[in-house]
Structures are given as structure tokens and as C-alpha cells.
Amino acid sequence: MDIKQMVEQLDKLIEQRRVAVERGGTGLQLAVYRLEAAIDRIALPGSTYVRQLDGLRKVSHTGKSHSVSQIAQALRDDLNDGWADSVVELVHADTHSDYLEMAESLLDAGYKDPSAVIAGTALEVHVRALCVKHSVPVERPDGSPKKADTMNADLKKEGAYGTLQQKQLTAWMDLRNKAAHGDYGQYDQQQVRLLIEGVRGFMLKHPA
């Protein structure tokens, strides 16, 4: 995803949240969830945007709706104004063919933390695709997206893979969460490399 696509995605989700506020109902909760996910996806681990979002994660969706939207708008405006950390340049879609290649390039350049986030994102995207393949719902009854660990457990119950594979995915997802939430000292570069290799092997063994 390049800078233009990031901005377009944020614009779309900010507008969806605005419309949801005007209409009321359960649509606001989903709009806020999607904005949070977009900020996590686009912003760098440990950035101001992610730290601000971390402070709101336990607040109800109605209580944090405006603040989450403001964080997203700030991120969008910075991207529009040419905000481009070297890491963002490295993950530009024109120079990487997929998430895992991005993660490897970042790791080789010494950026283990965003590398872990991107590899974990690749895993989550694949797990979601596996759910679709196996007719496992990817949303909760209220329409909000399921978390990756929930989808992982559901796939195990469905027989897509066994208990050992489920536990391995749980460990990989935990590493990704540590990177996304700034717990950078809880893992090292070698663990991130094993994460990338493991996720690639999982995708080959369980194609979606």
C-alpha cells in the first residue's frame, strides 16, 4: 500500500465514521473499530499516533469516537504533507511485492519492530482468508471484526489445522502484538526472522 492509498483509505474511514455519527445506531462502533485498525496498520509501531491510540483502547467506542477520528485525520494530514520516515519509504508498495518481502527488507535494514508488525499483519490477513475458505465467520454477531486469535481458535475447531499449529499461530500473534504495542525488548531480531519464515511456511502448507 503506497502513501496515496493510505490517505485514500483514511479519508474513506473518516467519512464513514462521520456518517455513522449522524445516523446513530451500531454503525458507529464498527466505524471506530475500522479506524483503529487502519491507524494500527498504517502508523509505525511506537509512533505518536499509536501511543495516542493505545491510551484510548479501553474506552467505549462512543467515548473515543471523536478522538480516534482526530488521530486518523492527523495521520492522514501528515502523509499528505509529505511525512515520510525512512521506514515508510522502505514499505512503499512500488518496491515490495508482498507483506513478507516488506518484512524481510525491513529486518535486513535493521528495523525489527515494524518488520514484526508487517509479518504479523500478513499472518492475520491469511488467517482471515482461511476463514473465508472454510466458511468460518470473520465477524462477531454485532458486525465487528473478529480478532486474529479468535479466528485462529475457530479454524482449529473447524479442522483447518491441529492444536500444535494453533498454538504456534498464537505465539506468532503474540510477538506481533508486542511489536505493535511498543514492547520492543520482549523479542529479538532472530525471533522476528523465525516469525517471517514460519508465516511463509504456514501459508504454503495451508493455502487460502
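Within the stretch 147-169, does at least one residue satisfy the condition of being assigned to a loop (DSSP other than H, G, I, E, B) and crowded, with 17+ Cβ neighbours inside 10 Å? Yes, the stretch 147-169 contains a residue that is assigned to a loop (DSSP other than H, G, I, E, B) and crowded, with 17+ Cβ neighbours inside 10 Å. Condition test on LEU35, is it out of contact with any Phe, Trp or Tyr (no Cβ under 6 Å at 6 or more places or on another chain) and at pLDDT 90 or above? Spelling it out, LEU35 is indeed out of contact with any Phe, Trp or Tyr (no Cβ under 6 Å at 6 or more places or on another chain) and at pLDDT 90 or above.
Report, by residue number, each residue of the stretch 178-205 that is assigned to a loop (DSSP other than H, G, I, E, B) and touching a helix residue (DSSP H, G or I) at 6+ places or on another chain (Cβ under 6 Å).
Of the residues in the stretch 178-205, the ones assigned to a loop (DSSP other than H, G, I, E, B) are 181-183, 187-188.
TYR187 - this is the single residue of the stretch 178-205 that is assigned to a loop (DSSP other than H, G, I, E, B) and touching a helix residue (DSSP H, G or I) at 6+ places or on another chain (Cβ under 6 Å).
If we keep just the residues of the stretch 170-184 that are open to solvent by 40 Å² or more (accessible area, probe 1.4 Å), modelled with pLDDT of 95 or more and not aliphatic (A, V, I, L, M), which is farthest from THR48 (Cα to Cα)? Spell out how you get there, then give the answer.
Here is the first cut: in the stretch 170-184, the ones open to solvent by 40 Å² or more (accessible area, probe 1.4 Å) are 170-171, 174, 177-178, 181, 183-184.
Within this subset, residues satisfying the condition of being modelled with pLDDT of 95 or more are 170-171, 174.
Adding the requirement that they be not aliphatic (A, V, I, L, M) leaves 170, 174.
Details: THR170: 27, ASP174: 22 Å.
By that ranking, first place goes to THR170.
A search for C-beta distances below 8 Å between a residue of the stretch 185-202 that is at negative phi and any residue that is crowded, with 17+ Cβ neighbours inside 10 Å and among the aromatic types (Phe, Trp, Tyr), counting only pairs 6+ apart in sequence or on different chains, returns LEU195/TRP172; GLY198/TRP172; VAL199/TRP172. Of the residues ALA37, ALA31, ALA74, ALA20, the single one that is out of contact with any helix residue (DSSP H, G or I) (no Cβ under 8 Å at 6 or more places or on another chain), in a helix (DSSP H, G or I), aliphatic (A, V, I, L, M) and on the phi < 0 side of the Ramachandran plot is ALA37.
If you check LEU44, LEU79 for being modelled with pLDDT under 90, in a helix (DSSP H, G or I) and not acidic (Asp, Glu), only one passes: LEU79. Figure legend. Inter-residue proximity from the stretch 51-65: first residues farther than 14 Å from GLN29 by Cβ, second residues open to solvent by 70 Å² or more (accessible area, probe 1.4 Å) and part of a loop (DSSP other than H, G, I, E, B), beta-carbon distance below 8 Å, spacing 6+ or different chains. Indicated pairs: ASP54/HIS181. For residues in the stretch 1-25 being within 17 Å of ASP81 (Cα to Cα) and among the aliphatic types (A, V, I, L, M), which is modelled with the lowest pLDDT? My answer is ILE3.
The values are calculated or read from the model by the stated rules, or taken from the named source; none is laboratory data. No experiment lies behind these values; they were computed from the predicted model shown. Counting neighbours? That spans all protein chains shown, and the Cβs are built from the backbone with ideal geometry, glycine included. Calculation scope for accessible area: heavy atoms of the full protein, side chains included, ligands and nucleic acids excluded. Shrake-Rupley method; radii C 1.70, N 1.55, O 1.52, S 1.80 Å.
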